[in-house]
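What follows is a short report on a single structure.
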Amino acid sequence: MATGTRGARGHGWLKKYRAGLGGRHLQGRWHFRDVDELNAVNDDVFAMNSSTSKEDDNLAYLDISVGGEESRRVVIELASAALPKTTENFKLLCNEKGSANNEDGGDTIGGYESTMVYKIEKTVGLCMGDIVSNDGTGGRCHQKSGTYMNPYSFEDEGHLISHTGPGIVSMMSPGVHRNDSRFLITTTDAPQLDGRFVAFGRVRDGMDVIEDINTGVFTKRGRPTVEIKIVGCGVLDGNEGSEEQVAA
């Protein structure tokens, strides 16, 4: 029996979906996403660095080797002024030397060096940064980032940067206020991550390295079939950075 509530039942969803104004569940986006406007906000967040610190303090690098081949460099710009705790944790782990795995169960851990890209989500990004088990099942923040009550993770600092396209660097938190060492680099617009993961950086140079891995490495259920390793990492001192200056 008709109820006279055709509009309330959502029969206009297709018109809205085609207009980019939202849509029925699983049929389209819930709301219009102005990527250009969000990118402008992202730029404003990163621009805060210029008034608080030297540019060199906000650049980190990852030297990535695929299948044992010569490494290629990815340079990351960090939103240090807006997200000081999240970026400091990342920089500390980039500079930390030693074993990536804490086999003796103690408090001493290594950093990102010698860890793997453990998963490739072709429509999202590259997942890496597990300094505990190297397979995505573990992770812990740097000792200086944790607290006495919670030495393994730290709280969400703020969802200021949107995952608007390729090259956004974001924490991979297993839950609210549980950031550790794991992070991802996006390969596409990923609105589903906004408000869930804390984005804190973007690729300045070397996005071609990320794209080559994303498109060129065969995966099995998201797991790379070749070893993709961070063979070197750190914070730039102003004399490094280009792909031609990859550390040996």
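A few points about this structure:
- In summary, Pro224 fulfils each of the numbered conditions (1) modelled with pLDDT of 95 or more; (2) surrounded by fewer than 20 Cβ atoms within 10 Å (Cβ to Cβ); (3) within 24 Å of Lys97 (Cβ to Cβ) with the single exception of condition (3).
- Selection over the range 134-167 of residues that are closer than 14 Å to Thr86 by Cα and touching a residue at least 12 places away in the same chain (Cβ under 8 Å) gives a count of 16.
- Which numbered condition Lys91 fails, given (1) at pLDDT 95 or above; (2) in contact with an Asp or Glu (Cβ under 7 Å, 6 or more places away or on another chain); (3) not in a loop (DSSP other than H, G, I, E, B): (2)
- Qualifying residue in the range 229-244 (condition: modelled with pLDDT of 95 or more, over 18 Å from Asn95 (Cα atoms) and assigned to a loop (DSSP other than H, G, I, E, B)): no
- Of the candidates Ser65, Ser80, the single residue that is assigned to a loop (DSSP other than H, G, I, E, B), within 24 Å of the chain's Cα centre (by Cα), on the phi < 0 side of the Ramachandran plot and modelled with pLDDT of 60 or more is Ser80.
- Checklist (1) at pLDDT below 95; (2) surrounded by fewer than 20 Cβ atoms within 10 Å (Cβ to Cβ); (3) more than 24 Å from Met207 (Cβ to Cβ); (4) not aromatic (Phe, Trp, Tyr) applied to Lys122, failing item: (3)
- Just one of (1) in contact with a His (Cβ under 8 Å, 6 or more places away or on another chain); (2) of a type in the set (Gly, Ala, Ser); (3) on the phi > 0 side of the Ramachandran plot fails for Gly129. It is (1).
To keep it simple, each residue is scored yes or no on (1) crowded, with 18+ Cβ neighbours inside 10 Å; (2) of a type outside the set (Gly, Ala, Ser).
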site: Gly138; (1), (2): no, no
site: His142; (1), (2): yes, yes
site: Ser162; (1), (2): yes, no
site: Phe197; (1), (2): yes, yes
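- Qualifying positions in the range 205-228 - in a strand (DSSP E or B), touching a residue at least 12 places away in the same chain (Cβ under 8 Å) and of a type outside the set (Asp, Glu): Thr219, Arg223, Pro224, Ile228
- Applying the condition of being of a type in the set (Ser, Thr, Tyr) and closer than 16 Å to Lys122 by Cβ to the range 151-196 and asking which residue is farthest from the chain's Cα centre (by Cα) yields Thr188.
The values are calculated or read from the model by the stated rules, or taken from the named source; none is laboratory data. Because the structure is predicted, anything quoted here is derived from the model rather than measured. Because the Cβ atoms are built from the backbone with ideal geometry, glycine has one as well, and the counts that use them run over all protein chains shown.
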